[in-house]
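Colleague: Take a look at the following structure, please.
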Amino acid sequence: MDDVPREILQAAYKRNPKYIWKVPFHFSLLAACGVLLYAVSDMSWAVKIPVGLVCTFFVTNIIRGLGAIAHDSVHGTVFKSKRASYWLGAICWAPSGMSYTVYSNYHLHHHRITNTYPDVDNFVVTDYTKNPFLAKALLLAVYTFAYPLYFMTQIVRYVPRLTAWQKIRMNLELVAWWAVVAAGVWFLPAYVMLFLYGLPFVFGSILASTTSMIEHFEMEPGEDAYSSRTYATDAHFMNFLWNNVSFHNEHHKYPGIPWYNLRSFHEAAYPHYDQRVQAECYKTFLPVVWMLWKRCLQIDVTKIEAKYSTLNREEERKRHMELAGIAPANAS
């Protein structure tokens, strides 16, 4: 990817503020789903179930798209102002149910240590079991539905890295969002909350698990061009909802490219990728999931143990946690 012509890169880094309108558009879609669910809440289940499932599909993918914009706010590619970046990121990240402040600290660090042993996104199954059968079952569980559970147990490592004010802000973010959810549970019919947030939370966990697997499972540390996969490049509608988050290889190599330029950059730059990078760019989504699930069933725990056999794992984690994350684009 180092052979991508300068003019293609220059075009990719250009910002266009009109794309900020995707934020109110996405939230308007969420509101529309809520209104529709409320409107049919007194009808028969023959109506409520299909309407609910359609709304669940949209809400799940809209939340993923809002998360992509929050992710760009972490990287400073939305606003030059750190304060504006924070507020937009916190608002867009809130539906995930997690703290934007601690996520920001983790994610910039993830870019610094991608796919190394201490990287949260590098799930080392032999830390939990060396039994071949259990290891395969655990990998499938994590990369099918349980990745958010694993992620929450690991991201607490980043809380000590926060300043006193950031810790307060982290808790305020969590309280604010879950108060909104509690209000919804109290005031809205159970049917509405089930399909507006309950089921989307479940399906969002599945989506987060499978996409995490695609992005980093069995990828190697080192050169950013080889650290992740790009996928679903032909899924135009889904990438419209996702705000191009599936162009993950491009993002890791050039984290300063705004989300709305990732597709055009990929299409212009792809002929200049070397074969190794091109081999990890996929036009589809589900076939890539099937392929990697099969790899989960073929893992060799002895090879994983051998890979990390020379490491003092606790010291390695401590050493990497002392490193700062990469600087966001708007850092002075």
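Colleague: Considering His252, His216, His236, His248, which residue is without any contact (Cβ under 8 Å) to a residue 40 or more places away in the chain, of a type outside the set (A, V, I, L, M, F, W, C) and in contact with an Asp or Glu (Cβ under 8 Å, 6 or more places away or on another chain)?
Modeller: Answer to the selection: His248.
Colleague: A follow-up question, please. Kindly establish whether Ser85 is of a type in the set (S, T, N, Q) and in contact with a Ser or Thr (Cβ under 9 Å, 6 or more places away or on another chain).
Modeller: yes
Colleague: Could you check Met43 against (1) in a helix (DSSP H, G or I); (2) surrounded by fewer than 20 Cβ atoms within 10 Å (Cβ to Cβ) and say which number it fails?
Modeller: (1)
Colleague: So for the range 54-66 (the condition being touching a Lys or Arg at 6+ places or on another chain (Cβ under 7 Å) and closer than 30 Å to Tyr158 by Cβ), does at least one residue qualify?
Modeller: Within the range 54-66 (the criterion being touching a Lys or Arg at 6+ places or on another chain (Cβ under 7 Å) and closer than 30 Å to Tyr158 by Cβ), the answer is no, since none of the residues qualifies.
Colleague: How many residues are within 19 Å of Asp300 (Cβ to Cβ), in a helix (DSSP H, G or I) and out of contact with any helix residue (DSSP H, G or I) (no Cβ under 7 Å at 6 or more places or on another chain) when one looks only at the range 98-142?
Modeller: 5
Colleague: If you go through the range 91-102 one residue at a time, do you hit one that is over 23 Å from Ser209 (Cα atoms), surrounded by 19 or more Cβ atoms within 10 Å (Cβ to Cβ) and polar (S, T, N, Q)?
Modeller: no
Colleague: Now for a separate question. Among the listed residues Ala84, Ala12, identify the single one that is over 29 Å from Pro189 (Cβ atoms) and crowded, with 20+ Cβ neighbours inside 10 Å.
Modeller: Only one candidate qualifies: Ala12.
Colleague: Here is a follow-up. When Tyr38 is evaluated against the numbered criteria (1) farther than 24 Å from Phe201 by Cβ; (2) in contact (Cβ under 8 Å) with a residue 60 or more places away in the chain; (3) surrounded by fewer than 19 Cβ atoms within 10 Å (Cβ to Cβ), which criterion, by number, is the only one it fails?
Modeller: Evaluating Tyr38 over (1) farther than 24 Å from Phe201 by Cβ; (2) in contact (Cβ under 8 Å) with a residue 60 or more places away in the chain; (3) surrounded by fewer than 19 Cβ atoms within 10 Å (Cβ to Cβ) leaves (1) as the failure.
Colleague: Helices (runs of 4 or more DSSP H) wholly in the range 143-256 with at least 1 residues that are crowded, with 16+ Cβ neighbours inside 10 Å and among the hydroxyl-bearing types (Ser, Thr, Tyr) - which ones?
Modeller: Correct list: 147-155, 190-193, 199-216.
Colleague: Residue check, Val288 against (1) in contact with a Lys or Arg (Cβ under 7 Å, 6 or more places away or on another chain); (2) aliphatic (A, V, I, L, M); (3) over 30 Å from Val159 (Cα atoms), all met but one. Which one?
Modeller: (1)
Read-outs: derived from the displayed coordinates by stated rules, not from any lab. Here the structure is a predicted model, which means the values were calculated and not measured. Ideal geometry is used to build each Cβ from the backbone, glycine not excepted, and the neighbour counts take in all protein chains shown.
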